[in-house]
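Right, one structure below, let's go through it.
The values are calculated or read from the model by the stated rules, or taken from the named source; none is laboratory data. Predicted, not measured: the structure shown is a model, and the values here were computed from it. Glycine also receives a Cβ, built like all others from the backbone with ideal geometry; neighbour counts cover every protein chain displayed. Quick note on the areas: whole protein, heavy atoms, side chains included, nothing else; ligands and nucleic acids left out. Shrake-Rupley method; radii C 1.70, N 1.55, O 1.52, S 1.80 Å.
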Amino acid sequence: MRGVLPITLAARDVEALTAFYCALGWVVEEAQESVCFFDMGGAKFGIYDRVALAKDLGRDPDSLGTGAMT
């Protein structure tokens, strides 16, 4: 059984970043208020609201800095 590789990108503006990837031809698989996902054939690329991601991780948004990984 193959697993799915999740890739999460925290963004200040989920809508703008989603539009950027859609302009590149990527197709949104699922979208909710603070996150959207693209299927990358074995990987799931998620754009997540930075503040919501920090909350899910139990961290302060400013502690994520740049290059935070989940």
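Would you be able to say whether some residue in the range 16-25 is in a loop (DSSP other than H, G, I, E, B) and at pLDDT 90 or above? Scanning the range 16-25, I find at least one residue that is in a loop (DSSP other than H, G, I, E, B) and at pLDDT 90 or above, so the answer is yes. State whether one or more residues within the range 19-26 are crowded, with 16+ Cβ neighbours inside 10 Å and either out of contact with any His (no Cβ under 8 Å at 6 or more places or on another chain) or among the hydroxyl-bearing types (Ser, Thr, Tyr) (or both). Yes: one or more hits.
Looking only at residues in the range 30-63 that are under 18 Å from Ala16 (Cβ atoms) and in a helix (DSSP H, G or I), the one that is farthest from the chain's Cα centre (by Cα) is Pro61. Within the option set Leu53, Leu17, being in contact (Cβ under 8 Å) with a residue 40 or more places away in the chain and among the hydrophobic types (A, V, I, L, M, F, W, C) holds for one residue only, Leu53. On the stretch given as the range 29-70, residues that are open to solvent by less than 50 Å² (accessible area, probe 1.4 Å), aliphatic (A, V, I, L, M) and closer than 22 Å to Gly3 by Cα total 3. Taking the criterion of being hydroxyl-bearing (Ser, Thr, Tyr) and at pLDDT 90 or above, the only residue of the range 35-70 that qualifies is Tyr48.
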